[in-house]
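To start, the structure itself, in structure tokens.
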Amino acid sequence: MKVIANFFSRFMAIIVLVVAALALFVPATGMWIQLKAVNYLLMVVMFGMGLTMKLSDFKVVFVHPKEVIVGCVAQFTIMPLLAFALGKVFGLETGLLAGVILVGTCPGGTSSNVITYMSRGNVALSVGMTSVNTLLSPLLTPAITYLLLRTSVNVDVWAMCLSIIQVVIIPIALGFVVNRFAGRYVARALDLLPVVSVIAICLIVSTVVAHNSAKIMTTGAIVFVVVILHNLMGYGCGFAVGKIFKMDLAKTKALTVEIGMQNSGLATSLANASFPNLAMATVSGAIFSVWHNISGAILANILRSRE
């Protein structure tokens, strides 16, 4: 099982890319899953994240409070503002703009912790930032989304907040509780978690891309350019912030990855639930889901060479 888990972790980017390409050009491969099932698949991923969390993960908040605060502020300012600016500069239509901004306002996902580990960054700080940002997301994600979209889209802040609690916070909390009281049994299944998470992520990508294949094919290159720029500029800003605050290289790596990689699965889920009348809103999250796994793997190789 450990060999299988290592295979899935090592080749995750390629696996996701193949699944996405298949769903894009042969939509029938992903149409058998309904879009509403994305929420449940994301809950599986979040539950798995909770299973790996311990109280000690939050110790970094007290040991390195400055770094966590900087990471939190940067996460919820840089990425939303970059998304808004890029959307306006490239003149994205309302649905695509809403989708890009949702990607920007979401916290980092579990992928950021994996990529930080592969980059030889400070994993404890990465997990701490992801945990804190995720816990803050029910408040900050809807609030920031409302502030940036209020003039063009009706944003139901309360409904979005409840959706994040349901899809993210509750599954993580359940996983945390299970690990706390049945850690001995959870430890035996840890090697299986990467496999389950990758399968769930692939199913999410396949479903979203397949159901939006026609829209993705008709949007042209512009949305791809925006998503790629958003991600790469996030990495660049994260690295710059780490240097500005004089963090060591391992912490700077963690911040770089955390800022640039978003929980695009959550963004897709929120777009589907919050903006049902904006057909293109889910496209940005779908493209980001594929791209950030590719860019993350490349970034890990670049950062790992910097010692």
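Filter region 186-217 for residues that are more than 18 Å from ALA28 (Cα to Cα) and either more than 18 Å from the chain's Cα centre (by Cα) or among the aromatic types (Phe, Trp, Tyr) (or both) and give the result.
Within region 186-217, VAL186, ALA187, ARG188, ALA189, LEU190, ASP191, LEU192 qualify.
Looking at this structure, is MET31 surrounded by 14 or more Cβ atoms within 10 Å (Cβ to Cβ), assigned to a helix (DSSP H, G or I), of a type outside the set (Val, Ile, Thr) and touching a residue at least 40 places away in the same chain (Cβ under 8 Å)? Before the answer, list the steps.
Values: surrounded by 14 or more Cβ atoms within 10 Å (Cβ to Cβ): yes; assigned to a helix (DSSP H, G or I): no; of a type outside the set (Val, Ile, Thr): yes; touching a residue at least 40 places away in the same chain (Cβ under 8 Å): yes.
For MET31, the condition - surrounded by 14 or more Cβ atoms within 10 Å (Cβ to Cβ), assigned to a helix (DSSP H, G or I), of a type outside the set (Val, Ile, Thr) and touching a residue at least 40 places away in the same chain (Cβ under 8 Å) - is not met.
With respect to LEU303, determine if the residue is part of a helix (DSSP H, G or I) and within 21 Å of VAL241 (Cα to Cα). Talk me through it step by step, then tell me what you get.
Details: part of a helix (DSSP H, G or I): yes; within 21 Å of VAL241 (Cα to Cα): yes.
Yes.
Are any of the residues in region 269-283 farther than 24 Å from LEU41 by Cα and out of contact with any Leu (no Cβ under 9 Å at 6 or more places or on another chain)? Even if it seems obvious, please write down each step before you answer.
Initially, region 269-283 is screened for residues farther than 24 Å from LEU41 by Cα, giving none.
There is no residue in region 269-283 that is farther than 24 Å from LEU41 by Cα and out of contact with any Leu (no Cβ under 9 Å at 6 or more places or on another chain).
Identify, please: which residue in region 101-126 is aliphatic (A, V, I, L, M) and in contact with a Phe, Trp or Tyr (Cβ under 9 Å, 6 or more places away or on another chain) and is, among those, surrounded by the most Cβ atoms within 10 Å (Cβ to Cβ)?
Here is the first cut: in region 101-126, the ones aliphatic (A, V, I, L, M) are 101-103, 114-115, 118, 123-125.
Add one more test, that the residue is in contact with a Phe, Trp or Tyr (Cβ under 9 Å, 6 or more places away or on another chain), and what stays is 101-103, 123.
On the way: ILE101: 30, LEU102: 33, VAL103: 30, VAL123: 19.
Among those that are aliphatic (A, V, I, L, M) and in contact with a Phe, Trp or Tyr (Cβ under 9 Å, 6 or more places away or on another chain), it is LEU102.
Would a scan of region 66-86 turn up a residue that is assigned to a loop (DSSP other than H, G, I, E, B), surrounded by fewer than 19 Cβ atoms within 10 Å (Cβ to Cβ) and of a type outside the set (Lys, Arg)?
At the first step, the residues of region 66-86 found to be assigned to a loop (DSSP other than H, G, I, E, B) are none.
No, the conditions are met nowhere in region 66-86.
Limited to region 195-234, what total is found for residues that are at pLDDT 90 or above and crowded, with 21+ Cβ neighbours inside 10 Å? Explain how you work it out, then say what you get.
Restricting attention to region 195-234, the residues satisfying the condition of being at pLDDT 90 or above are 225-234.
Then keep just the ones that are crowded, with 21+ Cβ neighbours inside 10 Å; that gives 226-227, 230-231, 234.
Counting residues in region 195-234 that are at pLDDT 90 or above and crowded, with 21+ Cβ neighbours inside 10 Å gives 5.
Consider only pairs whose beta carbons are under 6 Å apart and that are at least six residues apart or on different chains; among these, list those whose first residue lies in region 125-136 and is under 15 Å from ALA267 (Cα atoms) and whose second residue is among the polar types (S, T, N, Q).
ASN133/GLN75
The values are calculated or read from the model by the stated rules, or taken from the named source; none is laboratory data. All figures in this text were calculated on a predicted structure; none of them were measured in a lab. So basically every Cβ, Gly included, is an ideal-geometry build from the backbone, and we count neighbours across all protein chains shown.
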